[in-house]
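What follows is one structure encoded as structure tokens, with my remarks underneath.
We did not get these values from a lab; they are worked out from the coordinates using the rules stated. Predicted, not measured: the structure shown is a model, and the values here were computed from it. Note: ideal-geometry Cβ built from the backbone for every residue, glycine included; neighbour counts use all protein chains shown.
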Amino acid sequence: MLWIFIGILLLTFILNEVLFRYAGKNLTYHTTVDKKVVEIGEEIRLTPVVENRKFISVPFLRVDEYYNKALSIEVNSYSLFLLPFQRVKRTYHVHGRKRGVWYIEEASLKIGDFLGFHQIYKEIPLKIPVVVLPEKRPLKEILLPYAGLYGPFSVKRWIIDDPLMIRGIREYTGSESQRHVHWPSSLKHDRLMVKQFDFTAEKSALVYLNLESARPFWQDPDVDAVEQSIVLARSVMEELTKEKIPFGFSSNGYNPAGRKRGYYYPPGLSRENLRKYNEILGKLGNVISMTLEEGLKALSRNRNAYQTFILVTPKILPEYIRPLKEFSRSFGKTVVIVSDPVNLEKLPRSMEVYKGVNLVGNADS
């Protein structure tokens with residue numbers, strides 16, 4: 001009887017060693033996500049698949065999946081017993097807690113024997129990116145005129161003539177409507193003079209997102225103001241798309257793709273453009289590829305491609321004042337939107353200036 005017991009025990013040890021030796025062979029793991037671009041709080045469905053592609057069972061398998069801490073779950077763990085040629089598929093849900101590019105980092109497989117004597121580890125890098133877009137907010141809820149003199153808010157007023165707001169008087173060219181003739185000035189100058197409105201009639205704009213919040217940019221950057229500017233930029237582009245106003249997008253944010261410095265897309269109007277720009281906003285970090293002054297110089301070469309320049313910036317640094325004045329004089333219609341309303345009183349009155357409100361961390365909220 002004793003020999004039978006010893007024989008069974010010996011066979012058990014031999015079987016345990018054989019199963020453990022081959023447990024990691026032909027064992028595969030991969031995971032997929034149902035979407036790679038999501039809103040904050042939107043669910044992402046993860047589907048990990050473990051497959052045992054051999055005739056021998058896997059007596060013990062522990063799976064640890066590691067996610068970026070900006071996602072709702074940092075580690076997901078579960079244990080399995082796999083029969084020969086068995087495939088196990090599971091489904092889990094996570095969501096992004098803040099804007100950015102976050103990764104399903106890696107998985108760790110712990111393979112053990114059924115007696116608990118041995119274990120080996122297998123690390124599987126995943127690096128599956130998930131882009132979490134900036135918060136989507138109605139522009140009217142988060143934007144106020146700095147001087148409070150522009151009346152009811154509308155992006156159309158940045159683009160289309162407003163007959164109630166007159167910049168000055170200029171000579172009649174023959175293309176203007178007679179209802180815009182300014183008769184007192186015409187009599188004074190002995191020739192026809194017309195009203196010059198504060199807004200151009202051409203319907204196109206360029207949204208420029210500046211990510212520089214300090215000089216140098218890496219020294220104590222205002223991260224909250226940068227994040228607020230990204231939210232504001234998205235809201236502006238959503239509103240322009242809603243109003244069917246063609247617009248382009250540009251930014252001095254670091255562009256890891258190719259040799260381009262920053263981003264530049266000429267004006268157009270399509271939902272696909274908006275989707276592409278929003279995804280770029282989701283990927284942007286705090287690193288810049290050029291200063292705002294350098295960006296303005298580059299844009300001045302393409303100024304005929306659009307008629308209204310909309311600058312969205314964390315704040316107005318003292319170094320911006322002179323370049324912005326020069327750009328505004330040579331370009332024309334300029335709208336400035338800031339997260340942190342500092343140095344705004346130094347901007348020329350020809351610019352229309354707005355400040356962000358009701359944003360997390362904003363001093364004016």
Distance in nm between pseudo-label sites at residue 49 and residue 141 (7 Å out along the Cβ direction from Cα): 4.0 nm
From the gyration tensor of the Cα coordinates in the stretch 68-145, what semi-axes in whole Å does the equivalent ellipsoid have, largest first, with each one equal to sqrt(5λ)? 41, 13, 10
For residue 123, placing the label point 7 angstrom along Cα-to-beta-carbon and taking the stretch 29-67, residues whose amide nitrogen sits under 13 Å are 66
Where Rh denotes the Kirkwood radius from the mean inverse Cα pair distance, what is Rg over Rh for the stretch 23-132? 1.03
Please give, to one decimal in nm, the separation of the simple spin-label points placed at residue 90 and residue 269, each 7 Å out from Cα toward the Cβ. 5.1 nm
Going down the list 54/89; 25/69; 36/69; 283/346; 315/355; 69/127, which pairs span over 21 Å between their C-alpha atoms? 25/69; 283/346
Would you mind working out the magnitude of the charge dipole of the stretch 23-132 relative to its Cα centre, with +1 at each Lys and Arg C-beta and -1 at each Asp and Glu C-beta, to the nearest 20 Debye? 200 debye
For the pair residue 260 and residue 170, how long in nm is the line joining their label points, each one 7 Å along Cα→Cβ? 3.2 nm
Mind checking the full-extension length gain between residue 81 and residue 243? Use 0.36 nm per residue of separation minus the Cα-Cα distance, one decimal, nm. 52.6 nm
Efficiency by 1/(1 + (r/R0)^6): what FRET value for residue 322 and residue 154, r their Cβ-Cβ distance, R0 = 35 Å, to the nearest 0.05? 0.70
Set the Förster radius R0 to 56 Å, insert the Cβ-Cβ distance between residue 215 and residue 191 as r into 1/(1 + (r/R0)^6), and round the FRET efficiency to 0.05. 0.70
